[in-house]
Amino acid sequence: MGLQNAKHSKVKQANIVMLGLDSAGKSTLLYKFRYNDLFLTSPTIGFNVDMIETQKDFTLTFWDVGGQQKMRQSWCSFLETADGLLYVVDSSDKQRLEESKKEFEVILKTESLKGIPVVVLANKQDLPGAWNAEEVTRRLNMKKYCSDRNWYVQPCCAITGEGLSEALRILTAFTRQYSRSKETSTIFKEIKTL
Ligand code: G3D
Ligand code: MG
């Protein structure tokens, strides 16, 4: 792409990889995003892909790659093309939050995800005793581990849809900005070769 073209090109879509432990609510969220309705879910075998037009000229493509143990090894191959990470946490499952934090740390250290924006969904806020966004932020050590990128923790409920439009709005803003910064670095590279 020439310098002139790169400058004027408009980012039209971004790839969002959805990760999180099994049962965090990823599949339910994806269906809710798309249909604004509740679907019966079954454990994801392989992966689900869905595109959502979040702005008139902009689409987010969500990759729900499954959270079961055997799928975790294949996460990395999906990360190569990601423009954003949507990390889903079951805020009511206090026993597994530590496990989720460990996974999250591994994901953030992945080379291909360096600097990629992150929205954490503190899901299942409808369940009694669910940790709120502040508590999830603290327990996932967000401030430390995400200091090199844009991040946000959004409380939500995949069943009612509460908090999801905010999450989509933030994800859209973050990924547009991130894509633009990728574009800028492309321009810089081209200038260097002139
Ligand atoms: P996953 O794709 O991350 O593995 P699923 O998770 O979307 O399959 O969801 C796992 C279970 O959690 C499902 O229940 C689903 O209905 C439930 N769930 C998802 N989000 C919420 C939420 O916000 N609140 C509550 N209360 N439950 C939620 P089942 O019973 O089918 O296992
Ligand atoms: Mg699933």
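The values are calculated or read from the model by the stated rules, or taken from the named source; none is laboratory data. What you see is a predicted model, and the numbers here were worked out from it, not measured in a lab. A quick note on method: Cβ atoms are made from the backbone with ideal geometry, for glycine too, and the neighbour counts reach across all protein chains shown. Just so you know, the surface numbers come from the protein's heavy atoms only, side chains and all, with ligands and any DNA or RNA stripped out. Shrake-Rupley method; radii C 1.70, N 1.55, O 1.52, S 1.80 Å.
Computed quantities for the displayed model
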| quantity | calculated |
| --- | --- |
| For the stretch 142-156, Karplus couplings with θ = phi - 60° (6.51, -1.76, 1.60), whole Hz, Gly/Pro x | 4, 4, 6, 7, 10, 5, 9, 7, 6, 8, 7, 10, 10, x, 7 |
| Built amide H within the under 5 Å cut-off of Trp151, gap 5+ | Val118 |
| Apportionment of accessible area to carbon and sulfur, the stretch 89-152, percent (1.4 Å) | 46 percent |
| Net length gained if the chain between Ile159 and Asp50 were fully extended (0.36 nm per residue, minus Cα distance) | 37.4 nm |
| Long pairs among Lys26/Lys114; Lys56/Lys124; Lys56/Lys94; Lys12/Lys94, criterion Cα-Cα beyond 28 Å | Lys56/Lys124; Lys56/Lys94; Lys12/Lys94 |
| Stretch gain in nm, segment Lys102-Gln13, where the contour uses 0.36 nm per residue and the Cα spacing is subtracted | 29.0 nm |
| Point-to-point label distance, Glu111-Ser181, nm (Cα→Cβ direction, 7 Å offset) | 2.1 nm |
